[in-house]
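Student: Please read through the structure below; I'll follow up with questions.
The values are calculated or read from the model by the stated rules, or taken from the named source; none is laboratory data. All values reported here derive from a predicted model rather than from experimental measurement. Don't worry about glycine lacking a Cβ; one is built from the backbone with ideal geometry, like all the others, and counts go over all protein chains shown. We work out accessible area using only protein heavy atoms, side chains counted, and drop any ligands, DNA or RNA first. Shrake-Rupley method; radii C 1.70, N 1.55, O 1.52, S 1.80 Å.
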Amino acid sequence: MIIEQESISLIQDTPISIKVYEAFHEQAHFHGDCIEILFCVKGEAHIRIAYEEFQMKTGEIILIDAEDVHCISSETENLLISFYINQTAAMFNNDNLVNMSFVCHKGEVHPSMELKIDYIHMLLLTMLYSYISPKYSAAEKKRIINDTAKLAMEIIERDFSIFYWMNDPNQFPNDAKERFEHIFTHIYNNVTNPITIKELGRLEHINPNYLSQFLKKTSFLGLRGLRTYIRVYKAELMLLTTNLNASEISYQCGFSDPKYFYKAFKQWYKHTPMEHRKIYRLYMKHAVPNQVYDLDQIQQELMEWILYHQSELQMKLSGIKKDAPA
């Protein structure tokens, strides 16, 4: 079993792709350069992303990082929309963007950030509406898509960095996120090296003791926790996309001994590396293609759903509570 990267066809002259579909038991896959924002238009869907599982309900969105192996299954009728954003697009002006990780799902972020998720959601619906609406010219569609994509990505990059995972952004100084992301990408790009706090202190031009205390305040509880997370994260992709054995993968991901890899992997995934590979092997035996819809086929229904969800979001964003039915 080798899980493959899904091919994404971008809308011409934009960093965006949009897919509308119903998922039953889809193939597990990942996206090399694109984040995916999944929107459950109607029904429910179970999604597995890396070491987490979510039951998505109508109206919810969730962000999936570029190298997150994921799959969706459902026993009920559903309608899903995937918005793909190519992080390497020149308009985003950040070469390291593709190596960053984000958390953008209610329940996984600090409560103060949840309205910002609704705002991103509103931007995506605006983008989709303009794309399928006959009242916009091709040039207008492209302009709206690019403008909303740029704004959505700016908000994601600024406010939904994994640095803020389960933490209040207001408890950190303004330069803390940038410092963390420098460290994160340095470890990510040098995963096999035994990176030390002194090395990172020199890289960031700050005292190693101060840096050590800074990292302990994050959700990773220090350099060791962060380094282990990145190594395990990269190891999962290798487990599912190659036929290498666990020992080979552990060394290629920077673990000095396979037993440390097994322990760290189980800490995050709640089972061993080989058990994880077996879970996906069994899952993939029953995978079936999604029912993908041509946007022209369901244009009217889709526009009705967009307007409905925009109305719901607008009430949240404006602070208006919907009256309970009589």
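Student: For each pair in Lys106/Lys135; Lys116/Lys263; Lys106/Lys150; Lys57/Lys278; Lys57/Lys142; Lys177/Lys234, compute the distance between the two Cα atoms and list the pairs where it is over 32 Å.
Tutor: Lys106/Lys135; Lys116/Lys263
Student: Roughly how many Å² of Met315 are accessible to a 1.4 Å probe, to the nearest 10?
Tutor: 50
Student: Spin-label point model (7 Å from Cα, Cβ direction): what's the Glu248 to Lys217 distance in nm?
Tutor: Calculated label separation equals 4.4 nm.
Student: Please give the contour-minus-distance gain from Met303 to Lys266: 0.36 nm per residue of separation, less the Cα-Cα distance, rounded to one decimal in nm.
Tutor: Net length gain for the segment: 8.9 nm.
Student: Follow-up. Let a ≥ b ≥ c be the square roots of the eigenvalues of the Cα gyration tensor of the stretch 60-211; is it rounded (a/c under 1.5), or, if not, prolate (a/b larger than b/c) or oblate?
Tutor: In terms of gyration-tensor shape, prolate.
Student: On to the next question. Among Ile162, Ile132, Ile145, which one shows the highest mean-square fluctuation when the chain is modelled as a Gaussian network with alpha-carbon springs under 10 Å?
Tutor: Ile132
Student: Among Val288, Val98, Val20, determine the one that fluctuates most according to a GNM of the chain built with springs between C-alpha atoms less than 10 Å apart.
Tutor: In the Gaussian network model the winner is Val288.
Student: Can you tell which of Asn78, Met122, Phe54 lies farthest toward the positive end of the dipole of the stretch 54-143, using +1 and -1 charges on the Cβ of basic and acidic side chains (Lys, Arg; Asp, Glu)?
Tutor: The Cα lying farthest towards the positive end belongs to Met122.
Student: Taking the Cα-to-Cβ direction at Gln5 and at Lys259 and moving 7 Å from each Cα, how far apart do the two end points lie in nm?
Tutor: 3.7
Student: Further question: Grab the Cα-Cα distance for Met315 and Asn207, subtract it from 0.36 nm times how many residues apart they are, and report the gain in nm with one decimal.
Tutor: Extra length from Met315 to Asn207 when fully extended: 34.1 nm.
Student: Follow-up question, since we're still on this one. Would you check the accessible area of Thr14, probe 1.4 Å, heavy atoms only, in square angstrom rounded to 10?
Tutor: 10
Student: Of Gly222, Leu151, His105, which is farthest on the positive side of the dipole of the chain, counting Cα position, with +1 on Lys and Arg Cβ, -1 on Asp and Glu Cβ, and the Cα centre as origin?
Tutor: Highest projection toward the positive end goes to Gly222.
Student: While we're looking at this one, here's another question. Using +1 on the beta carbon of Lys and Arg, -1 on that of Asp and Glu, and nothing else charged, what's the dipole of the stretch 262-318 about the Cα centre, debye to 20?
Tutor: It comes to approximately 960 debye.
Student: I've got another one for you. What is the local net charge at Glu22, summed over the other residues whose Cβ is closer than 15 Å to its Cβ (Lys, Arg +1; Asp, Glu -1)?
Tutor: Net charge in that neighbourhood comes out at -4.
Student: Averaging the inverse of every distinct alpha carbon separation and then flipping it gives the Kirkwood radius. What is it for the chain, in angstrom units?
Tutor: It is 21.2 Å.
Student: In nm, what is the difference between 0.36 nm times the number of residues separating Glu77 and Ala138 and their Cα-Cα distance?
Tutor: 18.7 nm is the gain from fully extending Glu77 to Ala138.
Student: When a/c reaches 1.5 or more, the comparison of a/b and b/c decides; with that in mind, is the stretch 196-326 rounded, prolate or oblate per its Cα gyration tensor?
Tutor: In terms of gyration-tensor shape, oblate.
Student: If you don't mind, there's one more thing I want to ask. What are the aspartates and glutamates whose alpha-carbon lies under 16 Å from the alpha-carbon of Lys259, with same-chain residues fewer than 8 places away excluded?
Tutor: Glu236, Glu248, Glu275
Student: Kindly provide the helix-only [θ] at 222 nm of the chain, computed as the sum of -39,500 (n - 2.57) over DSSP H runs of four or more divided by all residues, to the nearest 500 deg cm²/dmol?
Tutor: Dividing the helical sum by the residues of the chain leaves -14000 deg cm²/dmol.
Student: How far is helix 299-318 tilted, in degrees, relative to the longest principal axis of the Cα atoms in the chain, given as a value from 0 to 90 rounded to the nearest 10?
Tutor: Roughly 60 degrees between the two axes.
Student: For the chain, set up a Gaussian network in which alpha carbons nearer than 10 Å are linked by springs, and say which option among Tyr164, Tyr251, Tyr84 fluctuates the most.
Tutor: Highest fluctuation of the listed residues: Tyr251.
Student: What is the Cα centroid distance between the stretch 151-228 and the stretch 1-62, reported in whole angstrom?
Tutor: Cα centres, the stretch 151-228 to the stretch 1-62: 27 Å.
Student: Shape of the stretch 144-253 from its Cα gyration tensor (a ≥ b ≥ c, root eigenvalues): rounded if a/c is under 1.5, otherwise prolate when a/b > b/c, or oblate?
Tutor: oblate
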